[in-house]
Amino acid sequence: MGIKTLYLLRHAKAEEGGPFMPDKERALSEKGVKDAEKLASRLSNKELSLDLVLVSPSVRTITTGQIIAAGLHISSAHLLLKDSLYAAETMELLKIISSVSKKINRLMIVGHNPGLMNLASFITGEPLSMATCSLIKFSFDFKDWHEILTTRASKYSLLN
């Protein structure tokens, strides 16, 4: 069997925004930037490597993804904006993941709640919560991402 690793990263803490600011344009707060930098440092110390990072097209997810990628020395060529990740729920997220090339072994999704939390709960079969800048790692015993539609994770861990 192959091993695929999926990382679900909820964006770091964002500014509140106002009634005239589109949700997609909310930037990270100062705390959010610091939290993302701390997580990037911890992941770098674990020598985490990623083949592909799919990022929701909001300012806060893009910035979170960029900070993590910089901390892990991942080329921006491995960061891909995916419009359908914005406000995606479980089935849409599964569809996105299942369409990833089987050549990709280590995939990170940078997105939003409640979608990521609901997906994590679906994959594990138990309720999970995801605070801002939280990261969950899932390992799967399969060779093709399409199998995520029918296969639960063989193990998982919260990394923050």
Meets criteria (of a type in the set (Gly, Ala, Ser), open to solvent by 60 Å² or more (accessible area, probe 1.4 Å) and within 16 Å of residue 157 (Cβ to Cβ)) for residue 129:
yes
Closer than 21 Å to residue 42 by Cα and open to solvent by less than 50 Å² (accessible area, probe 1.4 Å) - does that describe any residue in the stretch 80-93?
no
Which residue pairs have Cβ atoms closer than 7 Å, lie 6 or more positions apart in sequence or on different chains, and pair a first residue in the stretch 131-160 that is under 26 Å from residue 41 (Cβ atoms) with a second residue that is basic (Lys, Arg) and exposed (fewer than 14 other Cβ atoms within 10 Å of the Cβ)?
139/155
Answer yes or no as to whether residue 102 is without any contact (Cβ under 8 Å) to a residue 24 or more places away in the chain and under 23 Å from residue 3 (Cβ atoms).
no
Given the conditions (1) surrounded by 14 or more Cβ atoms within 10 Å (Cβ to Cβ); (2) over 24 Å from residue 14 (Cα atoms), report the number of the one that residue 62 does not fulfil.
(2)
Given the condition crowded, with 21+ Cβ neighbours inside 10 Å, modelled with pLDDT of 95 or more and of a type in the set (A, V, I, L, M, F, W, C), answer yes or no: does some residue in the stretch 26-37 qualify?
yes
Answer with yes or no whether residue 122 is among the aromatic types (Phe, Trp, Tyr), surrounded by 21 or more Cβ atoms within 10 Å (Cβ to Cβ) and on the phi < 0 side of the Ramachandran plot.
no
I'd like the full set of residues that are farther than 23 Å from residue 74 by Cβ and either outside any helix (DSSP H, G or I) or modelled with pLDDT under 95 (or both), limited to the stretch 93-120.
113, 114
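The values are calculated or read from the model by the stated rules, or taken from the named source; none is laboratory data. Just so we're clear, the structure is a prediction, and the values are computed from it rather than from any experiment. Counting neighbours? That spans all protein chains shown, and the Cβs are built from the backbone with ideal geometry, glycine included. Accessible surface areas use protein heavy atoms only, side chains included; no ligands, DNA or RNA. Shrake-Rupley method; radii C 1.70, N 1.55, O 1.52, S 1.80 Å.
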